[in-house]
Amino acid sequence: MDNLSQETRSRIMSAIRSTNTKPEMKLRKMLFRHGYRYRVHYGKEKIDIALPSKKIAIFVDGCFWHMCPKHCKIPTSNVRYWKPKLIKNSQRDKKKTKQLLAEGWKVVRVWDHELKDVDKTVGRIIEKYLQ
Ligand SMILES: [Zn+2]
């Protein structure tokens, strides 16, 4: 049972969403600056940032929505609403990753919190996947 009204809930959810779009933009800008060209929300898996020619799929995972072990705190007042929802999200992530790996993609998952230091994270991605 959930004591939030539909309106309140969608307000909370959109607030969480909008804060999560910024780190992805940072990463995109930085990749572009390094000369990489990418597609966003690519393919049927809706890859956040895809480099199709290199078959690299980058997902930026919000700490809340994707259950970051360090930062995801399930709201205690509505555990019965949030917990299944978040678990479903992370199961969907795993399924997408598996599907893409089977299709020969390299899958890079980046937490929002890793993009506080975007230079370091982009450096790591380039070193590991793009050279
Ligand atoms: Zn986190």
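No lab work stands behind these numbers, since they all come straight from the coordinates. Given the structure is predicted, the values throughout are model-derived calculations rather than measurements. Counting neighbours? That spans all protein chains shown, and the Cβs are built from the backbone with ideal geometry, glycine included.
Values as computed for the structure displayed
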read-out: Angle in degrees between helix 118-129 and the longest Cα principal axis of the chain, rounded to the nearest 10; value: 60
read-out: Charge context of L101, other residues only, Cβ under 13 angstrom, K/R +1, D/E -1; value: +4
read-out: On Cα atoms only, tilt of 79-102 relative to the major axis of the chain in degrees; value: 20
read-out: Share, in percent, of DSSP beta bridges within the chain that are antiparallel, nearest 5; value: 50
read-out: Relative exposure of H34, H66, judged by other C-beta atoms within 10 Å (fewest first); value: H34, H66
read-out: The chain: equivalent-ellipsoid semi-axes (sqrt of 5 x gyration tensor eigenvalues, Cα, Å); value: 29, 17, 13
read-out: Cα centroid separation, the range 18-61 to the range 71-99 (Å); value: 22
read-out: Theoretical gain in end-to-end length, R37 to K95 [0.36 nm per residue, Cα-Cα removed]; value: 18.3 nm
read-out: Helix 6-33 axis, angle to the chain major axis (alpha carbon atoms, nearest 10°); value: 10
read-out: Simple label model, 7 Å out from Cα along Cβ direction - S53 to H113, nm; value: 3.6
